[in-house]
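The values are calculated or read from the model by the stated rules, or taken from the named source; none is laboratory data. No experiment lies behind these values; they were computed from the predicted model shown. Remember, those area values only see protein heavy atoms, side chains included, never the ligands or the DNA or RNA. Shrake-Rupley method; radii C 1.70, N 1.55, O 1.52, S 1.80 Å.
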Amino acid sequence: MEIKLIKTEKDYNQALKRLEVVFDAKKGTPEGDELELLSILIEQYENTHFPIDLPDPIEAIKFRMEQMGYNQNDLAKIIGLKSRASEILSKKRKLSLEMIRQLHTSLHIPTDVLIQNY
């Protein structure tokens, strides 16, 4: 097992190829340890070189509502008034701290998504 830091795209591609070889390795074996180390190194490289931005807060609310089968009336029950829900969804009103708390609790949307500017 020869593990090295992934510093270049070439290193990254080599690590991915090796990962395919040891992918089904059993825990506690040398190959299993190699799989675990490669996974950590690949994840670190990807997080640095291919970061994924957080979604737009309102789009996240709409997406979660769709997943849960909620409509605007359901959102109004969470944040207060139907008119307020409409203003939020059309981005005419900003989310208040209390709305963020309620949305986080009810829709399970991470607060770091909801507090972003939009």
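Residue pairs exceeding 18 angstrom between C-alpha atoms, taken from 62/92; 4/26; 7/27: 4/26; 7/27. The alpha carbon centroids of segment 38-68 and segment 1-32 are separated by 24 Å. Applying 0.36 nm per residue to the separation of residue 2 and residue 87 and subtracting their alpha-carbon distance, the gain on full extension is 24.9 nm. Just the number, please: carbon plus sulfur as a percent of the accessible area of the chain, 1.4 Å probe, no ligands or DNA/RNA counted. Within the chain, the accessible surface is 52 percent carbon and sulfur. Once the 1.4 Å probe is applied to the protein heavy atoms, segment 37-118 comes out at 66 Å² accessible per residue. Of the options (1) -0.55, -1.25; (2) -0.48, -1.05; (3) -0.58, -1.00, only one is log10 I(q)/I(0) by the Debye sum over Cα atoms at q = 0.11, 0.21 Å⁻¹ as computed from these coordinates, and that is (3).
Run the numbers for residue 97 and residue 48: contour at 0.36 nm per residue of separation, minus the present Cα-Cα distance, in nm.
Details: separation 49, 0.36 × 49 = 17.64 nm, distance 3.09 nm.
Extra length from residue 97 to residue 48 when fully extended: 14.5 nm.
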